[in-house]
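Every number here is computed from the coordinates shown, using simple stated rules; none is lab data. Note that the structure is a prediction, hence the values are computed from the model and not measured. Here the Cβ is made from the backbone with ideal geometry for all residues, glycine too, and neighbour counts use every protein chain on show.
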Amino acid sequence: MATVIENKKNGKTVSFKFRAYLGRNEIGKQINQYTTWFAPDGLSPAKALKAAEKAAAEWEAKVQEEYEKEVLDPIRKQQRLINEAKTPFTEFINDIWFPLAIYDGEHKATTIEFYNVKYLSLI
């Protein structure tokens, strides 16, 4: 079951932090996922805690399912990491800078391959 921690401010609960333990990696380090959940307004502290525990159980099941899919399919994990790394800057590099600066016909094939391997593999 996910760990539920109350985040309080001035004695009032403002949110709940969930932690799901997913296992250990190949070097023995724990793998955990975290998220913050905000309770709907108008709930008593006891009802908010009960709702948080229910939401934590649902969230943990979803996180565990995604983690198991990634363990079985390492390509899926790699693709997720690549998608998370994409930013407007990486789009600029791929769509504007590389075509203008590298693929301009003035560079050798080895230079182009260097940039493709070195930098495009990172993003």
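Before moving on, here are some points about what is shown:
- Leading residue at positive end of dipole, the stretch 3-74 (Cβ point charges), from Ala39, Gly11, Ala51: Gly11
- Backbone geometry of the stretch 33-45 corresponds, through the Karplus equation with coefficients 6.51, -1.76 and 1.60 at θ = phi - 60°, to 3J(HN,Hα) couplings of 10, 10, 7, 10, 10, 9, 6, x, 5, x, 8, 5, x Hz, x marking Gly and Pro.
- When the GluC sites (Glu not before Pro) in the stretch 48-111 are filtered for DSSP coil states and for at most 12 other beta-carbon atoms within 10 Å of their beta-carbon, the remaining sites are Glu106.
- Within the chain, longest stretch free of exposed trypsin sites (Lys or Arg not before Pro) [DSSP loop, at most 12 other beta carbons within 10 Å]: 30-85
- Given +1 at the Cβ of Lys and Arg, -1 at the Cβ of Asp and Glu and no other charges, the dipole of the chain around its Cα centre is 760 debye to the nearest 20.
- Links that overshoot a 20 Å alpha carbon limit, given the list Lys12/Lys47; Lys29/Lys86; Lys17/Lys50: Lys29/Lys86
- In a DSSP loop and with at most 15 other Cβ atoms within 10 Å, the chymotrypsin sites (Phe, Trp or Tyr not before Pro) in the stretch 19-123 are Phe38, Tyr103.
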